[in-house]
Amino acid sequence: MKEEQKNYPKIAKNTTKVTRKKLVITSMLGALGLVMGELIRRGNDRDPVIAKVDTSMSKYGMVIDLDRCIGCNACTIACKQENNTPPEIHYNVVIEKEEGTFPHVRKMFLPRICMQCDKPPCVKVCPVGATRKRNNGIVDIDYATCIGCRYCMTACPYGARSFDFGVNYYKEPTQFESSVYYEYENTYIREKGEAPQNNVRKCHYCSHRLQQGKKPACVTVCLGKARIFGDLNDKDSIISRVVTKSWGLKNNLGTEPRTRYLGERREI
């Protein structure tokens, strides 16, 4: 009989304590879920237009001609310099794809910036209303309100958003890294812990340049003249004439992007 008992499985000790611990954790997670759900619900009810900031009658958009893009990445470099973006943050990227088999091989390029959607999913999920849609078509981020939850990054189907972890290229920021730069209506100097560090960041069509009557930096430097930028409300503008022939990335999602493309359709 004693030999048989030795083969029985051992009963776990402190089972009650483990169960209580799991119950407490589960309850806390459930409560947190309810709170976040309510925040998201309120965020969805919020008016996405920033009337106080944007009184413009323009509706900005961009069309990128893929037949003209040569993949030089001048747009990426100009954007980084204009917006003083740190490592791992690129408002402008050029996605490369190679197709075919040797010797019949070709390389294709797909520039990707913020799509400035007319129906932006990032606006709907922001629990504090930091991501907003302007009258002029630009989706912006209020760094003073952003809590860094990164819900918007998850919601963006284009991967156009990045989180600023406060990392610099050098341990001691260079003169360029610590220089004044502009985003939206504000000026910033990269100082430890200060916005937009610990915030989500993205392309904003160089809105500070638009206020000065200039085009976005990426449009100005494009060697192939592949980028057409302008006011879609101006029926005589070049962009108004070509936008009807353009197509949008992931159009099936219903985001209605204002950054659009000419040429052979490609996806990311």
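The values are calculated or read from the model by the stated rules, or taken from the named source; none is laboratory data. These numbers come from a predicted model, not from an experiment. Here the Cβ is made from the backbone with ideal geometry for all residues, glycine too, and neighbour counts use every protein chain on show. Please note that ligands, DNA and RNA were not included when accessible areas were found on the heavy atoms of the full protein model with its side chains. Shrake-Rupley method; radii C 1.70, N 1.55, O 1.52, S 1.80 Å.
Among the residues of region 26-35, at least one is open to solvent by 80 Å² or more (accessible area, probe 1.4 Å), hydrophobic (A, V, I, L, M, F, W, C) and at pLDDT 60 or above. Part of a loop (DSSP other than H, G, I, E, B) and on the phi < 0 side of the Ramachandran plot, is that true of residue 214? The answer is yes for residue 214. Check whether at least one residue in region 164-172 is among the aliphatic types (A, V, I, L, M), surrounded by 12 or more Cβ atoms within 10 Å (Cβ to Cβ) and more than 17 Å from residue 69 (Cβ to Cβ), and report yes or no. Checked against the condition, which is being among the aliphatic types (A, V, I, L, M), surrounded by 12 or more Cβ atoms within 10 Å (Cβ to Cβ) and more than 17 Å from residue 69 (Cβ to Cβ), region 164-172 yields no hits at all.
Within region 174-191, identify whether any single residue is assigned to a loop (DSSP other than H, G, I, E, B), at pLDDT 95 or above and open to solvent by 20 Å² or more (accessible area, probe 1.4 Å), and answer yes or no. No, that holds for no residue. Under the condition of being closer than 18 Å to residue 110 by Cα and open to solvent by 20 Å² or more (accessible area, probe 1.4 Å), the residues counted in region 193-219 number 0.
Taking each residue of region 67-95 that is farther than 13 Å from residue 201 by Cβ and looking for partners that are at pLDDT 95 or above and basic (Lys, Arg) with beta-carbon atoms closer than 7 Å, six or more apart or interchain, yields 68/225; 93/112; 95/112.
Please work out if residue 140 is open to solvent by less than 40 Å² (accessible area, probe 1.4 Å), in contact with a Pro (Cβ under 8 Å, 6 or more places away or on another chain) and of a type in the set (D, E, K, R). Against the criterion (open to solvent by less than 40 Å² (accessible area, probe 1.4 Å), in contact with a Pro (Cβ under 8 Å, 6 or more places away or on another chain) and of a type in the set (D, E, K, R)), residue 140 does not qualify.
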